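Engineer: There's a structure below that I have some questions on.
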Amino acid sequence: MNAQAATARDEMVFASARRVNEALTARMEKRALQWMAERAPKWVSSDQLTLMGFCAQVGAGICYALSRYSRYALLLVIVCLALNWLGDSMDGTLARVRQQQRPRYGFYVDHMADIFGATALMCGLGCSGFLHWQTAVAMLVALLLLSSESYLATYTLTCFQLSQGIFGPTEIRILLIIGNLALLHSPYSTLFGYKMLLFDLGGTIAAASMFAMAIAVTVRHTMQLYRQEPLP
């Protein structure tokens, strides 16, 4: 009985964070997801979509590793990224359309799936031979730092930032798909007369950008929280 009372009290205290998405594709994506969620078969559940999105992201990592032996595995990566978008983006929309929200459960499970899925994806990239392991590790560390800041800000500021500037998860998937298509042509790029792996170049830019965003957002939110809770 005490456990039930504690659970009920926790649910009353818990407040869903305001969701902010200013990414390039945000408005179009929201309309598309709403349209699909309203027409989804009744047997499809948000948990199934979350699981599909997670498995697809792990599958993308496996296919990246296989692309070391055949570039055509990159086409399977694109399929996995599309399925990951569908599952990861639509699970919450479906729950809201059906009035089946579970704020704490959904937030926790969805983002732990994202963390494990991103780790699998970057490990697969590191095994692909299309970039060096150091670049894959740098991208993963930067992504986890940025994700951690976002989750902490969600708790302390009750504002869940789905995107950083004009970039969100969907834009990252689109860039990966474009990169995969470019890899089918050639794995190399030339910058200032120097030949290097295309994904090393893109991964270095991505990692540096995420590190910079993590630092900038951390400073901004620290100042915001300091103003809200000044010393007496």
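Engineer: Got at least one residue in segment 184-195 being in contact with a Leu (Cβ under 9 Å, 6 or more places away or on another chain), closer than 29 Å to Arg27 by Cα and in contact (Cβ under 8 Å) with a residue 24 or more places away in the chain? So that I can check it myself, show each step before the final result.
Structural biologist: Our first condition is that a residue be in contact with a Leu (Cβ under 9 Å, 6 or more places away or on another chain); within segment 184-195, this holds for 184, 186-189, 191.
If we keep only those that are closer than 29 Å to Arg27 by Cα too, we end up with none.
The answer is no, given that none of the residues of segment 184-195 is in contact with a Leu (Cβ under 9 Å, 6 or more places away or on another chain), closer than 29 Å to Arg27 by Cα and in contact (Cβ under 8 Å) with a residue 24 or more places away in the chain.
Engineer: Scan segment 189-204 and tell me whether some residue there is surrounded by fewer than 15 Cβ atoms within 10 Å (Cβ to Cβ), touching a strand residue (DSSP E or B) at 6+ places or on another chain (Cβ under 9 Å), of a type in the set (Ser, Thr, Tyr) and on the phi > 0 side of the Ramachandran plot.
Structural biologist: Taking every residue of segment 189-204 in turn, none turns out to be surrounded by fewer than 15 Cβ atoms within 10 Å (Cβ to Cβ), touching a strand residue (DSSP E or B) at 6+ places or on another chain (Cβ under 9 Å), of a type in the set (Ser, Thr, Tyr) and on the phi > 0 side of the Ramachandran plot.
Engineer: Considering each residue of segment 156-173, count those that are of a type outside the set (Ser, Thr, Tyr) and within 12 Å of the chain's Cα centre (by Cα), and give that number.
Structural biologist: Taking segment 156-173 and keeping what is of a type outside the set (Ser, Thr, Tyr), we get 157, 159-162, 164-169, 171-173.
Still in the running and within 12 Å of the chain's Cα centre (by Cα): 161-162, 164, 167-169, 171-173.
Here the count works out to 9.
Engineer: Failed condition for Gln4, given (1) within 24 Å of Ile115 (Cβ to Cβ); (2) surrounded by fewer than 14 Cβ atoms within 10 Å (Cβ to Cβ); (3) modelled with pLDDT under 95; (4) not aromatic (Phe, Trp, Tyr), with all others met?
Structural biologist: Result: Gln4 passes all but (1).
Engineer: How do the helices (runs of 4 or more DSSP H) wholly within segment 40-141 filter down when requiring 1 or more residues that are under 14 Å from Leu176 (Cβ atoms) and aromatic (Phe, Trp, Tyr): which remain? Outline the logic, then answer.
Structural biologist: Numbers: elements: 46-66, 73-97, 103-128.
Answer list for segment 40-141: 46-66, 73-97.
Engineer: Looking at this structure, is Tyr155 in contact with a His (Cβ under 7 Å, 6 or more places away or on another chain) and surrounded by fewer than 21 Cβ atoms within 10 Å (Cβ to Cβ)?
Structural biologist: no
Engineer: While we're here: Among residues belonging to segment 99-116 that are touching a residue at least 12 places away in the same chain (Cβ under 8 Å) and farther than 25 Å from Val141 by Cβ, point out the one that is farthest from the chain's Cα centre (by Cα). Don't jump to the end; show me each part of the working.
Structural biologist: Restricting attention to segment 99-116, the residues satisfying the condition of being touching a residue at least 12 places away in the same chain (Cβ under 8 Å) are 100-101, 103-104, 106-107, 109-111, 113-116.
Of the ones still in play, those that are also farther than 25 Å from Val141 by Cβ are 100-101, 103-104, 106.
Numbers: Gln100: 23, Gln101: 20, Pro103: 18, Arg104: 18, Gly106: 15 Å.
Per the criteria, the residue is Gln100.
The values are calculated or read from the model by the stated rules, or taken from the named source; none is laboratory data. A quick note: this is a predicted structure, and the numbers were derived from the prediction, not measured. Every residue, glycine as well, gets a Cβ built from its backbone with ideal geometry; the counts of neighbours run over all protein chains shown.
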